[in-house]
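Novice: The following block contains the structure, expressed as structure tokens.
The values are calculated or read from the model by the stated rules, or taken from the named source; none is laboratory data. Given the structure is predicted, the values throughout are model-derived calculations rather than measurements. Virtual Cβ from ideal backbone geometry, glycine too; neighbours counted across all protein chains shown.
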Amino acid sequence: MTKPTFNDSDVRFSEEIKVRAVGPADKTHWKKLYRAYAAFYKVPMNDDILDRTWAWLQDASHPVEGLVAQAGESIIGFAHYWPQPRPLQGQYAGFLDDLFVDPSHRSRGVGRMLIGALSDTASMRGWTMLSWVTAQDNVTARRLYDDIAKAANWVTYERSF
């Protein structure tokens, strides 16, 4: 089984920015962005984590998939997502796990484009909704999210092991 690819009708364009499925040639740019994403959230990052996550994105049997936003030859943003079973409804939803845009390319609609492309994927796959979380103090991202979705009534808990 291979990861789905997108034909031209599945790709979103805005000026010179294109959103498409992440591919093997994106590794160098993706690693740089993923390190910046981890630094933004003050999460330690190392080559083992980068290599494992990249391998997941390239493994057709792994549920994590990715989209990238490309401007010219550079990858300027990414979204990682996976299908999320909803047992109470007997349906699938999508979960957007990571979304990041290079700070030098923000306020150009790149995050909106990535979520839009993922929403198209969710619709094509019959997912009933798309959900994600963000830090309470991520005001910039929350302005976008408040514009395109509604905040959930659920509280997130974590238990580390």
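Novice: When the residues of region 132-146 are narrowed to those that are free of Cβ contacts under 8 Å to residues at least 12 places away in the same chain and assigned to a helix (DSSP H, G or I), which ends up surrounded by the most Cβ atoms within 10 Å (Cβ to Cβ)?
Specialist: Filtering first and then ranking leaves Arg142.
Novice: Which residues, taken from region 23-49, are closer than 25 Å to Ala135 by Cα and crowded, with 17+ Cβ neighbours inside 10 Å?
Specialist: Scanning region 23-49 gives His29, Trp30, Lys31, Leu33, Tyr34, Tyr37, Ala38.
Novice: With (1) farther than 24 Å from Asn138 by Cβ; (2) in contact with a helix residue (DSSP H, G or I) (Cβ under 9 Å, 6 or more places away or on another chain); (3) touching a residue at least 40 places away in the same chain (Cβ under 8 Å) as the list, and Ala36 as the residue in question, which single condition is left unmet?
Specialist: Failed condition: (1).
Novice: For a quick check of your reading of the model, give me the residue pairs whose first member lies in region 108-128 and is closer than 16 Å to His80 by Cβ and modelled with pLDDT of 95 or more, whose second is among the hydrophobic types (A, V, I, L, M, F, W, C) and in a helix (DSSP H, G or I), with beta-carbon atoms closer than 6 Å and at least 6 apart or on different chains.
Specialist: From region 108-128, the pairs are Gly111/Leu144.
Novice: Does region 11-34 hold any residues that are in a loop (DSSP other than H, G, I, E, B) and modelled with pLDDT under 95, and which are they?
Specialist: Here is the first cut: in region 11-34, the residues in a loop (DSSP other than H, G, I, E, B) are 11, 15-16, 22-23.
Once the filter is applied, which keeps residues that are in a loop (DSSP other than H, G, I, E, B) and modelled with pLDDT under 95, region 11-34 yields Val11, Glu15, Glu16.
Novice: A further question on this structure: In region 120-131, what count of residues is obtained for those that are out of contact with any Phe, Trp or Tyr (no Cβ under 8 Å at 6 or more places or on another chain) and in a loop (DSSP other than H, G, I, E, B)?
Specialist: 1
Novice: Could you check, for region 99-106, whether at least one of its residues is farther than 24 Å from Val43 by Cβ and either crowded, with 16+ Cβ neighbours inside 10 Å or not hydroxyl-bearing (Ser, Thr, Tyr) (or both)? Explain how you work it out, then say what you get.
Specialist: Residues of region 99-106 farther than 24 Å from Val43 by Cβ: none.
The answer is no; no qualifying residue exists.
Novice: If Lys150 satisfies all but one of (1) among the charged types (D, E, K, R); (2) surrounded by 14 or more Cβ atoms within 10 Å (Cβ to Cβ); (3) out of contact with any Phe, Trp or Tyr (no Cβ under 8 Å at 6 or more places or on another chain), what's the number of the condition it fails?
Specialist: Every condition holds for Lys150 apart from (2).
Novice: Related question: Taking the stated definitions as given, is Ala117 touching a Lys or Arg at 6+ places or on another chain (Cβ under 7 Å), part of a loop (DSSP other than H, G, I, E, B) and closer than 23 Å to Trp30 by Cα?
Specialist: Spelling it out, it is not the case that Ala117 is touching a Lys or Arg at 6+ places or on another chain (Cβ under 7 Å), part of a loop (DSSP other than H, G, I, E, B) and closer than 23 Å to Trp30 by Cα.
Novice: Are any residues in region 98-107 touching a residue at least 40 places away in the same chain (Cβ under 8 Å) and in a loop (DSSP other than H, G, I, E, B), and if so, which ones?
Specialist: The answer is Asp102, and nothing else.
Novice: Using the structure shown, decide if Tyr37 is outside any strand (DSSP E or B) and either within 18 Å of Val22 (Cβ to Cβ) or of a type in the set (A, V, I, L, M) (or both). Please lay out each step first, then the result.
Specialist: On the way: outside any strand (DSSP E or B): yes; either within 18 Å of Val22 (Cβ to Cβ) or of a type in the set (A, V, I, L, M) (or both): yes.
Yes, satisfied.
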